[in-house]
1. In this structure, does K152 turn out to be closer than 28 Å to W195 by Cβ, open to solvent by less than 70 Å² (accessible area, probe 1.4 Å) and of a type in the set (K, R)?
2. Evaluate segment 53-66: report whether one residue or more is open to solvent by 50 Å² or more (accessible area, probe 1.4 Å) and touching a Gly at 6+ places or on another chain (Cβ under 8 Å).
3. Condition first: in contact with a helix residue (DSSP H, G or I) (Cβ under 7 Å, 6 or more places away or on another chain), in contact (Cβ under 8 Å) with a residue 40 or more places away in the chain and open to solvent by 70 Å² or more (accessible area, probe 1.4 Å). Now tell me which residues in segment 99-135 satisfy that.
4. Of all the residues that make up segment 131-144, how many are near the ligand (Cβ under 9 Å from one of its atoms) and outside any loop (DSSP other than H, G, I, E, B)?
5. For segment 154-253, which helices (runs of 4 or more DSSP H) that fit wholly inside it have 1 or more residues that are away from the ligand (no atom under 14 Å from the Cβ)?
Amino acid sequence: MAEVVIVPDERAGGRLAAARIARLVTAKPDAVLGLATGATPLSTWAALAEYGLDLSRVRGFALDEYVGLPAGHPESYREVLMRTVVKPLGLSPDLVHVPGDDGGDIATAGQRYEEAIRAAGGVDLQVLGIGRTGHIGFNEPGSSLASLTRVKTLTEQTRRDNARFFASLDEVPRHCITQGLGTILRARELLLLAWGEAKAEALAAAVEGPVTASLPASAIQLHPEVTVIVDEAAASRLRFADYYRYAWENRPDWARDEDLPSSVTGA
Ligand code: PGA
């Protein structure tokens, strides 16, 4: 079962997620991070920036990207990652990859992306948000649990959810290229974050429901190293919330330093 940590709010969750990442990067300065876009990880990036770590050797692989936006479009995930992660955290732009950004044929971009991840030694830690459809990355319901990076069609729900970033719904692309569920499951560790009531249903299904392609995030149940960090609102539909709280409060001493920044930086 995934380790589920229920935190009071998004900021506290971001601090906890950042502590995990900081610990990894301190041990492995050229760690490979799987980067989620969207609003969810922003508190994590903000908390991570406060460590002041040198992240210039960290390598990054984005989860997904729209297909069909003009190069340099401010809402392309490459640009969003540059703005929200790469620049503020001091990552090296050349070390951050986004599916489909190598200028080659989009139809075969997925295979090249898989190869690039493999060549980097695989993803050490994959940060994930969850969509209201239960997607992770842009793996919408019906995605094969073994899927690899490929071009997909977005659901209307996801397009509507993301329309807030565009001038109109019409501008939201219909296609995307995303790491598959199989790609995500190859990462050594998964960190799934969710804030707010709107995510509660999908989150509960992902963590406690059956593993099914109909709820792609449920694929995380197949992974041996998963931490789910949720605020109270996103946790509101979890059946075993009391147990998760109990387990976290009574976590063994050797696991207690997760949320203590000083233990990460050695300060
Ligand atoms: P959000 O998106 O972080 O903007 O809520 C998550 C997702 O759709 O995967």
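1. yes
2. Within segment 53-66, one or more residues are open to solvent by 50 Å² or more (accessible area, probe 1.4 Å) and touching a Gly at 6+ places or on another chain (Cβ under 8 Å).
3. Across segment 99-135, the qualifying residue is only R132.
4. 1
5. 181-186, 200-208, 241-249
Matching residues to (1) touching a Ser or Thr at 6+ places or on another chain (Cβ under 8 Å); (2) surrounded by fewer than 19 Cβ atoms within 10 Å (Cβ to Cβ):
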residue	(1), (2)
E171	no, yes
G180	yes, no
I184	no, no
T212	yes, yes
Q221	no, yes
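The values are calculated or read from the model by the stated rules, or taken from the named source; none is laboratory data. Remember, predicted model here, so these are calculated numbers, not experimental data. Heads up, the Cβs are rebuilt from the backbone with ideal geometry, glycines too, and the neighbour counts pull from every protein chain shown. Keep in mind that these areas ignore ligands, DNA and RNA; they rest on the heavy atoms of the full protein, side chains included. Shrake-Rupley method; radii C 1.70, N 1.55, O 1.52, S 1.80 Å.
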